[in-house]
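See structure below.
The values are calculated or read from the model by the stated rules, or taken from the named source; none is laboratory data. Computed from a predicted structure; not experimentally measured. Glycine also receives a Cβ, built like all others from the backbone with ideal geometry; neighbour counts cover every protein chain displayed. These accessible areas exclude ligands, DNA and RNA; they are computed on the full protein's heavy atoms, side chains included. Shrake-Rupley method; radii C 1.70, N 1.55, O 1.52, S 1.80 Å.
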Amino acid sequence: MGVLKNEVPSWIALFVWAGIQVGLFGYYFYYFHTDPRFAYTRRILGFGLAFARAPANCLNFNCMLILLPVCRNLLSFTRRYLCKCCLRSLRRLLDENISFHKLSAYAICFWTTIHTVAHCYNVEQYVAAQSSNTGFSVGNVSAYQLSSLGTGQCPVSAKATNWVNPICDRNSHSVLEAFKIFPAVSGIIITLTLIVIVFSATEFIRRSYFEIFWFTHHIFVIFFFFLLFHGLRGVVRSQDGSHDVSYCGDKFSDWGRVENGVLVEPKCPLPEFQSNTPSTYFWIIGPIVLYIIERLIRFARSFQKVTISKAVKHPSKVIELQMQKDGFSMEAGQYIFIKCPSISRTEWHPFTLTSSPEEDYFSVHIRIVGDWTEALAKAVGADEQEFQDPSKMPLLAVDGPFGTASEDWDQYEVDILVGAGIGVTPFASIMKHMWYTYIQSKENNVGNCKLKKVYFYWICPDTNAFEWFSDLLGHLEDQMDEKNCADFLTHKIFLTRGWDTNFARNVALHEEEEVDVVTGLQQKTNYGRPNWDQIFSKTSEDHPKTSIGVFFCGPAVLSDTLHAMSNKHSSADGAKFVYNKENF
């Protein structure tokens, strides 16, 4: 049952995506390999024609898709307004936007390889057909004879018309000829651009040299510019229907031959060749327009005034920035991009919002790691005894907020929240909003809160990581005690390392105290890693026949474990765990 909930929608989407490409490849391969209008081009190229043109249409399809997953405003709008009425499983597909973006990129690389190899072969065939009486032939018509057709001008000339072979030099080299043809030159530029983008997007480059990844990824503009015009010169030619290919194939000597003012073979006039209408434009112009609108929205937002109303220095090299901006509206679990022009005019960095929608400001918690965060901390005065006055704070630009999987927390009766290290930040906003919504629904009958129980698990590598977030948990504990709702939230903190014998002895001495010796919270800290199998099994027993949302933010290894546990412990007649992971 877990597989049905968590995997099947993605499998269906993947099947549809792959099926469309198989269909496109099969249709256009058959079309270019059998259509009579391309018979004479096939005499020169053979299977190379179909193997070049069929992948081209699959490329168009994926180039149409690859921009859509990175239109963050479009995705947020779709999630908020268009998908509220959709099945939850369909809405969750939006959370796989980055994975789908990568998948489309892999497909572009695959089809580009086939398309490029096929056209390299085709150029060789064009050169061979022009330079010697060889090549594919049927009857008396050979590739060499077809290459002699034309106006007598070089086919690459703008004035040339009735040609089928773009190569005009009978003693040329295929590489040199390729650089004389615009589709070939533009194709080389497109391919080189693609290689740079793909190799600079590897995980090592992204993590170690993010600026390289960021800048090289933006040369996609070059990729799409040349892609738009790639097919305009129309190297692949088709003949018109006035020339009967099946009848005239064996009568090359009679093509266009006139005796006494009359064609000897009325069915065999000289074939008229023309370029095909480029189709790439129709595939990608829509997504390009959407992406331009996306960038214009981001550009306009970057000029909106953002005020840092308060900066708070937390332990463990964490700073909190509380900000205000006219017209800013957020949901719990969303994230924003921040730019500080005094540090860099081009760098935007994503941060999860830690405030709740009920508060009159929006905030982020930033761990000081790396050059940019260190420069930001210095700019707001984090390295001094007191922060700067708000009027002297650096100017910031904020883009967002953007939606994530965590927005769907209110779709379940029971939620399991799992944060690892700094991955806990989304849950600061979510848990505050959960509590406000729950208590408003219970006490004032405001809204209809479906959520009844929350389990929160936080896995930390050392004790210092507890400090800034434990204040929030302590505040929630006090409020739940005050409202007699202590059972609403069960939180467990796991310390995975950072203790020794003395530390363990100190913990043992305070074991009987009401609050934890490390965090000061009512719930005691656990030492070691969680037994997820046991946790999911117990939750399933406590909440039978319940849809349980599992929300995670953290490293991929733990994500895989939680995903597997969600599938394993779901059943048709028991609890159903629906896995959701943060992606930004």
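Details
- When restricted to residues that are closer than 30 Å to residue 243 by Cβ and loosely packed, with under 13 Cβ neighbours inside 10 Å, the range 8-34 contains 4.
- In the range 542-555, the residues that are more than 17 Å from residue 568 (Cβ to Cβ) form Cβ pairs under 8 Å with partners that are in a strand (DSSP E or B) and among the small types (Gly, Ala, Ser), at six or more places apart or across chains, as follows: 553/419; 553/420; 554/419; 554/420; 555/420.
- Residue among 302, 242 that alone is among the polar types (S, T, N, Q) and under 29 Å from residue 346 (Cβ atoms): 302
- Filter pass, residue 319 being in contact with a helix residue (DSSP H, G or I) (Cβ under 6 Å, 6 or more places away or on another chain), closer than 19 Å to residue 394 by Cα and crowded, with 18+ Cβ neighbours inside 10 Å: yes
- If you go through the range 245-264 and keep only what is more than 21 Å from residue 35 (Cα to Cα) and either open to solvent by less than 50 Å² (accessible area, probe 1.4 Å) or free of Cβ contacts under 8 Å to residues at least 60 places away in the same chain (or both), you end up with 254, 256, 257, 258, 259, 260, 261, 262, 263, 264.
- The residues listed here are 205, 212, 222; of these, the one that is within 30 Å of residue 344 (Cβ to Cβ), in contact with a Phe, Trp or Tyr (Cβ under 6 Å, 6 or more places away or on another chain) and assigned to a helix (DSSP H, G or I) is 205.
- Of the residues 172, 242, the single one that is without any contact (Cβ under 8 Å) to a residue 40 or more places away in the chain and outside any helix (DSSP H, G or I) is 242.
- Scanning the range 541-563 for residues that are open to solvent by 30 Å² or more (accessible area, probe 1.4 Å) and over 23 Å from the mean Cα position of the chain (by Cα) turns up 541, 542, 543, 544, 545, 547.
- Test result for residue 376, part of a loop (DSSP other than H, G, I, E, B), farther than 23 Å from residue 539 by Cβ, out of contact with any helix residue (DSSP H, G or I) (no Cβ under 9 Å at 6 or more places or on another chain) and modelled with pLDDT of 80 or more: no
- The selection criterion, being open to solvent by less than 30 Å² (accessible area, probe 1.4 Å), part of a helix (DSSP H, G or I) and of a type outside the set (D, E, K, R), does not hold for residue 228.
- Residue within the range 346-367 that is under 15 Å from residue 317 (Cβ atoms), surrounded by fewer than 16 Cβ atoms within 10 Å (Cβ to Cβ) and either aliphatic (A, V, I, L, M) or in contact with a His (Cβ under 7 Å, 6 or more places away or on another chain) (or both) present: no
- Restricting the search to helices (runs of 4 or more DSSP H) fully inside the range 1-81 and requiring at least 3 residues that are of a type in the set (S, T, N, Q) and under 25 Å from residue 289 (Cβ atoms) gives 48-66.
- Residue 423 meets the stated requirement of being in a helix (DSSP H, G or I) and touching a residue at least 60 places away in the same chain (Cβ under 8 Å).
- Within the range 564-584, the set of residues being farther than 17 Å from residue 411 by Cα, modelled with pLDDT of 85 or more and either surrounded by fewer than 19 Cβ atoms within 10 Å (Cβ to Cβ) or under 23 Å from the mean Cα position of the chain (by Cα) (or both) comprises 564, 567, 568.
- Within the range 269-286, the set of residues being assigned to a helix (DSSP H, G or I) and either free of Cβ contacts under 8 Å to residues at least 24 places away in the same chain or of a type outside the set (Phe, Trp, Tyr) (or both) comprises 280, 282, 284, 285, 286.
- In the range 12-22, the count of residues that are modelled with pLDDT under 90, over 22 Å from residue 228 (Cβ atoms) and over 16 Å from the mean Cα position of the chain (by Cα) is one or more.
- Residue among 216, 193 that alone is within 17 Å of the chain's Cα centre (by Cα), of a type outside the set (Lys, Arg) and open to solvent by less than 40 Å² (accessible area, probe 1.4 Å): 216
- Selection count where residues are closer than 17 Å to residue 106 by Cβ and without any contact (Cβ under 8 Å) to a residue 60 or more places away in the chain, scope the range 198-210: 6
- Residue check for residue 313: under 18 Å from residue 425 (Cα atoms) and of a type in the set (Lys, Arg): yes
- Apart from one condition, residue 535 fits all of (1) open to solvent by 10 Å² or more (accessible area, probe 1.4 Å); (2) among the hydrophobic types (A, V, I, L, M, F, W, C); (3) not in a helix (DSSP H, G or I); the exception is (3).
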